[in-house]
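The values are calculated or read from the model by the stated rules, or taken from the named source; none is laboratory data. What you see is a predicted model; the values in this text were computed from it and never measured. Cβ atoms come from the backbone with ideal geometry, glycine included; neighbour counts cover every protein chain shown.
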Amino acid sequence: SQQGEEDPQALSIQEGENATMNCSYKTSINNLQWYRQNSGRGLVHLILIRSNEREKHSGRLRVTLDTSKKSSSLLITASRAADTASYFCATAHPDTGRRALTFGSGTRLQVQP
Amino acid sequence: DAGITQSPRYKITETGRQVTLMCHQTWSHSYMFWYRQDLGHGLRLIYYSAAADITDKGEVPDGYVVSRSKTENFPLTLESATRSQTSVYFCASSEVQGYNQPQHFGDGTRLSIL
């Protein structure tokens, strides 16, 4: 069953604006990861936040994690047309030895030039 | 170039046929995974492998078979394809050390079963 649920399902903004996507999950995690998928391509890893971390930055990306609420957010600042893609959160769980991730259904981001 | 390669990129076949999707990685990563991506479901794990000759089922394994005789290859076989297996299939790999590792994905195989 899916763990991560992204919100919103779709988001359309103008270039230069900030984009915020949210993710909720159901059970305890080792870490939470965000991936980007351009149309017709595979997923590309963006950032990983461990369960004992609350915030992480990477370039124009800012990720927060609230384990008490089982939620995370991804903020993309000063968005560009090239940021147009689908964004997925994925969770790694300690009760499985498989190292596999559980993905949400994604947020489709459209950045208008 | 180093990376993870899937073949074919596109495949059309008929119900009842056997089809094999190939996955090859050049990093010598221990873990490899097969996911399928369908609208409204995100990615769902089909099978995974922790090392050569070690494989296990994921969330949706029925109708699929995997093998891993070499670390770098992880083929996925649909023994008798059904229309419900029409999907985009992604292979991924990750390093073995610790739980906090990203996964690296191929560009996928778009499979249509008529």
Item checked: strands (runs of 3 or more DSSP E) contained in region B:24-84 and holding at least 3 residues surrounded by fewer than 17 Cβ atoms within 10 Å (Cβ to Cβ) -> B:54-57
Notebook entry, point to check: Looking at region B:1-23, which of its residues are farther than 23 Å from B:Asp53 by Cβ, among the hydroxyl-bearing types (Ser, Thr, Tyr) and in a strand (DSSP E or B)?
Noted result: B:Tyr10, B:Thr13
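Would you mind stating whether A:Asp83 is modelled with pLDDT under 95 and more than 11 Å from chain B (Cβ to nearest Cβ)?
Values: modelled with pLDDT under 95: no; more than 11 Å from chain B (Cβ to nearest Cβ): yes.
Answer is no for this residue.
Considering only region A:1-63, give the strands (runs of 3 or more DSSP E) lying wholly within it that have at least 1 residues that are more than 15 Å from the chain's Cα centre (by Cα), away from chain B (no Cβ under 12 Å) and exposed (fewer than 12 other Cβ atoms within 10 Å of the Cβ). Quick ask: steps written out before the conclusion?
On the way: elements: A:5-7, A:10-14, A:19-24, A:31-37, A:43-50, A:55-58.
Qualifying strands (runs of 3 or more DSSP E): A:10-14.
The rows are residues; the columns are (1) at pLDDT 95 or above; (2) out of contact with any Leu (no Cβ under 6 Å at 6 or more places or on another chain).
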position	(1), (2)
A:Gly16	yes, yes
A:Ala19	yes, no
A:Arg36	yes, no
A:Glu55	yes, yes
A:Ser58	yes, yes
A:Thr91	no, no
A:Ala100	no, no
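Is it the case, given these coordinates, that B:Phe74 is of a type in the set (Phe, Trp, Tyr) and touching a residue at least 60 places away in the same chain (Cβ under 8 Å)?
Details: of a type in the set (Phe, Trp, Tyr): yes; touching a residue at least 60 places away in the same chain (Cβ under 8 Å): no.
Answer is no for this residue.
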Margin query: Quick check on region B:51-66. Is at least one of its residues modelled with pLDDT of 95 or more, within 14 Å of another protein chain (Cβ to nearest Cβ) and more than 23 Å from A:Ala90 (Cα to Cα)?
Written below: yes
Check: Is it true that some residue in region A:94-105 is in contact (Cβ under 8 Å) with a residue 60 or more places away in the chain and outside any loop (DSSP other than H, G, I, E, B)?
Finding: yes
Item checked: Search result, residues across region B:85-112 that are touching a Leu at 6+ places or on another chain (Cβ under 7 Å), outside any loop (DSSP other than H, G, I, E, B) and under 14 Å from B:Leu45 (Cα atoms) -> B:Gln85, B:Ser87, B:Tyr89, B:Phe90, B:Phe105
